[in-house]
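Engineer: I'd like to ask you about the structure that follows.
The values are calculated or read from the model by the stated rules, or taken from the named source; none is laboratory data. The structure presented is a predicted model; accordingly, all values stated were derived computationally and were not measured. Cβ: placed from backbone, ideal geometry, glycine included. Neighbour counts: every protein chain shown. Just so you know, the surface numbers come from the protein's heavy atoms only, side chains and all, with ligands and any DNA or RNA stripped out. Shrake-Rupley method; radii C 1.70, N 1.55, O 1.52, S 1.80 Å.
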Amino acid sequence: MYLSRLLMNNRSRYLWRSVIEQPHRLHQIVMSGFPDGVRREDANVLHRLEVVDTTVTLLVQSDMRPDWHRLDERLLLPASPFDPVSNPAVKEMSGLALSDGRILRFRLRANPTKRLSSGKGNKPGKRVQYFREEDQLEWLVKHAQRNGFRLLDVQVVPEGNQTDRQRGLTIYTVQFDGLLQITDADKFGTTVQTGIGPAKAFGCGLLSLAPG
(Lines give C-alpha, C1' and ligand atoms only; values in the text may rest on other atoms or scores of the structure.)
Protein backbone atom coordinates (compact mmCIF):
# COMPACT_ATOMS: atom_id res chain seq x y z
CA MET A 1 0.00 0.00 0.00
CA TYR A 2 0.98 3.63 -0.49
CA LEU A 3 0.32 6.69 1.63
CA SER A 4 0.33 10.18 0.13
CA ARG A 5 0.57 13.40 2.10
CA LEU A 6 -0.47 16.56 0.33
CA LEU A 7 -0.06 19.92 2.07
CA MET A 8 -2.84 22.06 0.68
CA ASN A 9 -2.61 25.79 0.04
CA ASN A 10 -4.62 27.22 2.92
CA ARG A 11 -4.35 30.72 1.41
CA SER A 12 -6.24 29.71 -1.72
CA ARG A 13 -9.88 30.79 -1.94
CA TYR A 14 -10.27 28.23 -4.68
CA LEU A 15 -9.33 25.48 -2.22
CA TRP A 16 -11.90 26.53 0.37
CA ARG A 17 -14.78 27.37 -1.95
CA SER A 18 -14.37 24.83 -4.72
CA VAL A 19 -12.84 21.86 -2.91
CA ILE A 20 -13.27 21.73 0.86
CA GLU A 21 -16.92 22.76 0.63
CA GLN A 22 -17.59 20.37 -2.25
CA PRO A 23 -16.94 16.72 -1.21
CA HIS A 24 -17.54 15.38 -4.74
CA ARG A 25 -14.87 17.76 -6.07
CA LEU A 26 -12.39 16.60 -3.44
CA HIS A 27 -13.09 13.00 -4.47
CA GLN A 28 -12.37 13.93 -8.10
CA ILE A 29 -9.07 15.50 -7.05
CA VAL A 30 -8.09 12.39 -5.12
CA MET A 31 -8.88 10.15 -8.09
CA SER A 32 -6.90 12.41 -10.45
CA GLY A 33 -3.81 10.75 -9.00
CA PHE A 34 -4.78 7.49 -10.71
CA PRO A 35 -5.21 6.47 -14.35
CA ASP A 36 -8.48 7.34 -16.04
CA GLY A 37 -11.04 4.60 -15.62
CA VAL A 38 -9.70 3.34 -12.28
CA ARG A 39 -12.53 3.27 -9.77
CA ARG A 40 -11.96 3.98 -6.09
CA GLU A 41 -12.76 0.36 -5.26
CA ASP A 42 -10.29 -0.92 -7.86
CA ALA A 43 -7.30 0.48 -5.98
CA ASN A 44 -8.81 0.67 -2.47
CA VAL A 45 -8.40 4.45 -2.48
CA LEU A 46 -9.19 6.05 0.89
CA HIS A 47 -8.67 9.66 1.90
CA ARG A 48 -9.09 12.05 4.78
CA LEU A 49 -8.80 15.84 4.80
CA GLU A 50 -7.47 17.21 8.08
CA VAL A 51 -7.82 20.89 8.97
CA VAL A 52 -5.89 21.93 12.11
CA ASP A 53 -5.82 25.69 12.72
CA THR A 54 -4.53 26.97 9.36
CA THR A 55 -2.89 23.73 8.22
CA VAL A 56 -4.79 21.69 5.64
CA THR A 57 -3.48 18.18 4.94
CA LEU A 58 -4.89 15.63 2.53
CA LEU A 59 -3.99 11.99 3.26
CA VAL A 60 -4.56 9.39 0.55
CA GLN A 61 -4.04 5.64 0.98
CA SER A 62 -4.12 3.27 -1.99
CA ASP A 63 -3.00 -0.11 -3.29
CA MET A 64 -1.73 1.56 -6.47
CA ARG A 65 1.09 4.11 -6.45
CA PRO A 66 -0.47 7.50 -7.36
CA ASP A 67 0.94 10.13 -9.69
CA TRP A 68 0.01 13.67 -8.64
CA HIS A 69 1.40 15.52 -11.66
CA ARG A 70 -2.10 16.31 -12.96
CA LEU A 71 -3.04 18.09 -9.73
CA ASP A 72 -3.91 21.79 -10.04
CA GLU A 73 -0.89 23.70 -8.67
CA ARG A 74 -3.20 26.22 -7.00
CA LEU A 75 -4.17 23.54 -4.50
CA LEU A 76 -0.71 22.86 -3.07
CA LEU A 77 1.62 24.84 -0.86
CA PRO A 78 4.86 25.71 -2.66
CA ALA A 79 7.83 23.50 -1.86
CA SER A 80 9.76 24.69 1.20
CA PRO A 81 13.57 24.62 1.30
CA PHE A 82 13.28 23.88 5.03
CA ASP A 83 11.17 20.74 4.55
CA PRO A 84 13.13 17.71 3.32
CA VAL A 85 9.86 15.95 2.42
CA SER A 86 8.44 16.77 -1.00
CA ASN A 87 4.91 18.02 -1.53
CA PRO A 88 3.10 15.86 -2.47
CA ALA A 89 4.96 13.08 -0.68
CA VAL A 90 4.32 9.41 -1.45
CA LYS A 91 5.73 6.52 0.56
CA GLU A 92 5.22 2.79 0.52
CA MET A 93 3.71 1.70 3.82
CA SER A 94 5.91 -0.72 5.71
CA GLY A 95 7.40 -1.26 9.12
CA LEU A 96 4.19 -1.40 11.18
CA ALA A 97 3.83 -5.09 12.01
CA LEU A 98 0.23 -6.19 12.39
CA SER A 99 0.32 -9.11 14.80
CA ASP A 100 -2.25 -10.51 17.21
CA GLY A 101 -2.14 -8.70 20.54
CA ARG A 102 -0.39 -5.59 19.24
CA ILE A 103 -1.67 -2.29 20.66
CA LEU A 104 -1.84 0.69 18.31
CA ARG A 105 -3.05 4.27 18.35
CA PHE A 106 -5.66 5.00 15.70
CA ARG A 107 -7.65 7.74 14.03
CA LEU A 108 -10.80 7.20 11.99
CA ARG A 109 -13.26 9.60 10.42
CA ALA A 110 -16.53 7.75 10.01
CA ASN A 111 -20.17 8.05 9.07
CA PRO A 112 -21.88 5.80 11.68
CA THR A 113 -25.14 4.55 10.21
CA LYS A 114 -27.50 1.62 10.05
CA ARG A 115 -29.45 0.31 7.08
CA LEU A 116 -33.19 -0.06 7.54
CA SER A 117 -35.10 -2.87 5.94
CA SER A 118 -36.89 -1.92 2.76
CA GLY A 119 -39.50 -4.63 3.27
CA LYS A 120 -38.79 -5.80 -0.29
CA GLY A 121 -36.70 -8.94 0.05
CA ASN A 122 -32.96 -8.32 -0.30
CA LYS A 123 -33.37 -4.77 -1.60
CA PRO A 124 -31.52 -2.40 0.81
CA GLY A 125 -33.54 0.22 2.61
CA LYS A 126 -32.77 3.75 3.72
CA ARG A 127 -29.52 4.44 5.57
CA VAL A 128 -30.08 6.18 8.95
CA GLN A 129 -27.33 8.11 10.69
CA TYR A 130 -26.41 7.85 14.37
CA PHE A 131 -26.22 11.19 16.17
CA ARG A 132 -25.89 10.06 19.81
CA GLU A 133 -22.39 9.30 21.06
CA GLU A 134 -23.42 6.01 22.68
CA ASP A 135 -24.84 4.81 19.35
CA GLN A 136 -21.71 5.90 17.51
CA LEU A 137 -19.51 4.01 19.97
CA GLU A 138 -21.69 0.90 19.68
CA TRP A 139 -21.38 1.13 15.89
CA LEU A 140 -17.58 1.21 16.17
CA VAL A 141 -17.50 -1.68 18.67
CA LYS A 142 -19.49 -3.85 16.24
CA HIS A 143 -17.14 -3.01 13.38
CA ALA A 144 -14.16 -3.82 15.61
CA GLN A 145 -15.58 -7.23 16.48
CA ARG A 146 -16.10 -8.05 12.80
CA ASN A 147 -12.77 -6.69 11.63
CA GLY A 148 -10.13 -8.20 13.87
CA PHE A 149 -9.61 -5.70 16.67
CA ARG A 150 -10.99 -4.49 19.97
CA LEU A 151 -11.15 -1.02 21.45
CA LEU A 152 -9.14 -0.11 24.53
CA ASP A 153 -9.82 3.62 24.64
CA VAL A 154 -11.84 5.91 22.37
CA GLN A 155 -12.55 9.62 22.13
CA VAL A 156 -15.42 10.75 19.94
CA VAL A 157 -15.26 14.17 18.30
CA PRO A 158 -18.44 15.16 16.42
CA GLU A 159 -17.72 16.99 13.17
CA GLY A 160 -21.23 17.76 11.99
CA ASN A 161 -22.76 17.60 8.53
CA GLN A 162 -20.97 17.41 5.20
CA THR A 163 -23.17 18.51 2.34
CA ASP A 164 -22.61 17.87 -1.33
CA ARG A 165 -24.80 20.58 -2.81
CA GLN A 166 -24.35 19.38 -6.38
CA ARG A 167 -25.66 15.90 -5.55
CA GLY A 168 -28.03 16.92 -2.76
CA LEU A 169 -26.39 14.55 -0.24
CA THR A 170 -25.67 15.21 3.43
CA ILE A 171 -23.79 12.94 5.83
CA TYR A 172 -22.88 13.34 9.49
CA THR A 173 -19.27 12.53 10.39
CA VAL A 174 -17.39 11.94 13.61
CA GLN A 175 -13.72 11.42 14.35
CA PHE A 176 -12.63 8.54 16.56
CA ASP A 177 -9.22 8.67 18.25
CA GLY A 178 -7.87 6.12 20.68
CA LEU A 179 -6.15 2.81 21.29
CA LEU A 180 -6.98 -0.57 19.79
CA GLN A 181 -5.66 -4.10 20.12
CA ILE A 182 -5.41 -6.49 17.18
CA THR A 183 -7.29 -9.75 17.76
CA ASP A 184 -7.09 -11.24 14.25
CA ALA A 185 -4.15 -9.93 12.22
CA ASP A 186 -5.43 -11.25 8.87
CA LYS A 187 -8.86 -9.64 9.22
CA PHE A 188 -7.32 -6.45 10.57
CA GLY A 189 -4.91 -6.19 7.65
CA THR A 190 -7.83 -6.38 5.22
CA THR A 191 -9.68 -3.74 7.24
CA VAL A 192 -6.74 -1.34 7.04
CA GLN A 193 -6.60 -1.88 3.29
CA THR A 194 -10.31 -1.49 2.51
CA GLY A 195 -11.46 0.93 5.23
CA ILE A 196 -14.35 0.97 7.68
CA GLY A 197 -17.98 1.92 7.12
CA PRO A 198 -19.81 3.85 4.38
CA ALA A 199 -19.20 7.22 2.69
CA LYS A 200 -15.62 6.48 1.63
CA ALA A 201 -15.98 8.85 -1.33
CA PHE A 202 -16.72 11.56 1.26
CA GLY A 203 -13.40 10.98 3.02
CA CYS A 204 -14.57 8.44 5.60
CA GLY A 205 -13.15 5.03 6.43
CA LEU A 206 -9.37 5.57 6.44
CA LEU A 207 -7.95 3.90 9.55
CA SER A 208 -4.66 5.63 10.42
CA LEU A 209 -2.33 3.80 12.79
CA ALA A 210 0.72 4.57 14.92
CA PRO A 211 2.63 2.67 17.62
CA GLY A 212 0.72 2.56 20.90
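Engineer: Please turn the phi angles of region 43-50 into ³J(HN,Hα) values with the Karplus equation 6.51 cos²θ - 1.76 cosθ + 1.60 (θ = phi - 60°), one per residue in order, whole Hz, x for glycine and proline.
Structural biologist: 10, 6, 7, 10, 8, 8, 9, 10
Engineer: Further question on the same structure: How big is the accessible area of I29 in square angstrom, nearest 10, if you roll a 1.4 angstrom probe over the protein chains?
Structural biologist: In the full protein context, I29 sits at about 10 Å².
Engineer: So what does Y172 come to for accessible area, using a 1.4 Å probe and Å² rounded to 10?
Structural biologist: 40
Engineer: How many percent of the accessible area of the chain is carbon or sulfur, using a 1.4 Å probe?
Structural biologist: 48
Engineer: Over region 6-140, with the other protein chains present, what is the accessible area per residue in square angstrom, probe 1.4 angstrom?
Structural biologist: 60
Engineer: Based on the alpha-carbon gyration tensor of the chain and its eigenvalue square roots a ≥ b ≥ c, which shape applies: rounded if a/c is under 1.5, prolate if not and a/b is larger than b/c, or oblate?
Structural biologist: Oblate.
Engineer: Can you tell me the dipole magnitude for the chain around its Cα centre, using point charges on the Cβ only (Lys, Arg +1; Asp, Glu -1), in Debye to the nearest 20?
Structural biologist: 760
Engineer: Under 5 Å between amide hydrogens, which residues at least 5 positions from L76 or on another chain qualify, with H placed 1.01 Å from N in the peptide plane?
Structural biologist: Hits under the 5 Å cutoff: N9.
Engineer: Along the positive direction of the dipole of region 19-151 (beta-carbon charges: Lys, Arg +1; Asp, Glu -1; about the Cα centre), which of A110, H143, Q61 reaches farthest?
Structural biologist: Working it through, the farthest residue towards the positive pole turns out to be H143.
Engineer: Separate question: Could you order peptides 142-149, 86-93 by the average number of other Cβ atoms within 10 Å of their residues, highest first?
Structural biologist: 142-149, 86-93
Engineer: From the backbone phi of region 192-207, what are the Karplus-calculated ³J(HN,Hα) couplings (6.51 cos²θ - 1.76 cosθ + 1.60, θ = phi - 60°) in whole Hz, Gly and Pro given as x?
Structural biologist: Whole-Hz 3J(HN,Hα) from phi for region 192-207: 4, 6, 9, x, 10, x, x, 6, 5, 5, 8, x, 9, x, 6, 9.
Engineer: Another question about this same structure. Just to confirm a number: summing +1 for Lys and Arg and -1 for Asp and Glu over residues other than A144 whose beta-carbon lies under 12 angstrom from that of A144, what do you get?
Structural biologist: Around A144, the charge tally is +2.
Engineer: Separate question: To the nearest 10 square angstrom, what accessible area does R115 show with a 1.4 Å probe?
Structural biologist: 120
Engineer: Please work out whether region 28-100 counts as rounded, prolate or oblate from its C-alpha gyration tensor, where a ≥ b ≥ c are the square roots of the eigenvalues and a/c under 1.5 means rounded, while otherwise a/b larger than b/c means prolate and anything else oblate?
Structural biologist: Taking the square roots of the gyration eigenvalues as a ≥ b ≥ c, region 28-100 is oblate.
Engineer: Just order 61-73, 150-162 by mean Cβ neighbour count inside 10 Å, highest at the front, would you? Provide the component values of the computation, followed by the final result.
Structural biologist: Values: 61-73: 15.4, 150-162: 13.1.
Listed from highest to lowest mean packing, they are 61-73, 150-162.
Engineer: Can you tell me the dipole magnitude for region 86-212 around its Cα centre, using point charges on the Cβ only (Lys, Arg +1; Asp, Glu -1), in Debye to the nearest 20?
Structural biologist: So the magnitude is around 640 debye.
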